[in-house]
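The values are calculated or read from the model by the stated rules, or taken from the named source; none is laboratory data. Just so it is clear, the model here is predicted, and its values are computed rather than measured. Here the Cβ positions follow ideal geometry from the backbone for every residue, glycine too, while neighbour counts run over all protein chains shown. Accessible surface areas use protein heavy atoms only, side chains included; no ligands, DNA or RNA. Shrake-Rupley method; radii C 1.70, N 1.55, O 1.52, S 1.80 Å.
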Amino acid sequence: MTIARLLRLLLLFVPASLYLGFTHARPALVFVTSCLAVVPLAGLMGEATETIARRTGAGLGGLLNATFGNAAELIIALVALKEGQPEIVKASLTGSIIGNLLVVLGFAMLCGGLRHKELRFARVAAESGSGTMILRAGGR
């Protein structure tokens, strides 16, 4: 079974999680099914933004990809702000930055190191990433 087919199969969790939520099932069950439902939806959103980016060009495509790629953080921020929970917003943004800069970079280094003896990185990208981390660590 291909990954694309498996992702399409996970779409079955979308109505299942909605049903469990509306019937007030156990919170842990609703959480697990909702997490599994988000995976294919995120994949579809990524495919859609990449398709739009091919037609609109790199600038607008990159903006759309960055915007929709952080849709989860945006939704969490809006709901948390509505509920008067700014600390949740700060934690979500911090987690997103750390995840994008450290986890993704670390995984890329690991995979690259397994294949190549020496890796080279773009100086501007490294400076940008470290600058973002410093700003987030110092900002409150």
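If I compute P(r) over Cα pairs in 5 Å bins from 0, in percent from the structure I just sent, which labelled value in (1) 2, 9, 10, 10, 9, 8, 7, 6, 6, 5, 5, 4, 3, 3, 3, 2, 2, 2, 1, 1, 1, 1, 0, 0, 0, 0; (2) 2, 9, 19, 19, 17, 13, 9, 7, 4, 2, 0; (3) 2, 8, 11, 13, 19, 19, 14, 9, 4, 1, 0 lines up? The value computed from this structure is option (3). Summed over qualifying helices (DSSP H, 4 residues or more, each -39500 (n - 2.57)) and divided by its residue number, the chain shows a 222 nm mean residue ellipticity of -26000 deg cm²/dmol. In the context of the full set of protein chains, the chain has a per residue accessible area of 78 Å² (1.4 Å probe). Net charge dipole, the stretch 1-118: roughly 300 debye, given to the nearest 20, about the Cα centre with Cβ charges of +1 for Lys and Arg and -1 for Asp and Glu. Averaging the Cα positions of each part gives two centres, and for the stretch 21-53 and the stretch 67-133 these lie 20 Å apart.
Comparing LEU12, ALA25, SER128 along the charge dipole axis of the chain, the residue lying farthest to the positive side is SER128, per the Cβ-charge model.
When the square roots of the Cα gyration tensor eigenvalues are ordered a ≥ b ≥ c, the ratio a/c for the stretch 15-93 is 1.5 or more and a/b does not exceed b/c, which makes its shape oblate. Of the residues LEU63, ILE75, LEU102, the one whose Cα sits farthest towards the positive end of the charge dipole of the stretch 63-140 is LEU102 (charges of +1 on Lys and Arg Cβ, -1 on Asp and Glu Cβ, taken about the Cα centre). Using the Cα gyration tensor of the stretch 50-103, with a ≥ b ≥ c the square roots of its eigenvalues, what is the shape: rounded (a/c below 1.5), prolate (a/b larger than b/c) or oblate (neither)? Since a/c reaches 1.5 but b/c is at least a/b, the shape of the stretch 50-103 is classed as oblate. With axes computed from alpha carbons, what is the tilt in degrees of helix 27-56 against the longest principal axis of the chain, rounded to the nearest 10 within 0 to 90? Once rounded, one gets 50 degrees. Of the GluC sites (Glu not before Pro) in the stretch 23-90, the ones in a loop by DSSP (not H, G, I, E or B) with at most 12 other beta carbons within 10 Å are GLU83.
Couplings 3J(HN,Hα) of the stretch 78-89, computed from phi: 5, 5, 5, 5, 4, 8, x, 10, x, 5, 5, 4 Hz, in residue order, whole Hz [Karplus 6.51 cos²θ - 1.76 cosθ + 1.60, θ = phi - 60°; x for Gly and Pro].
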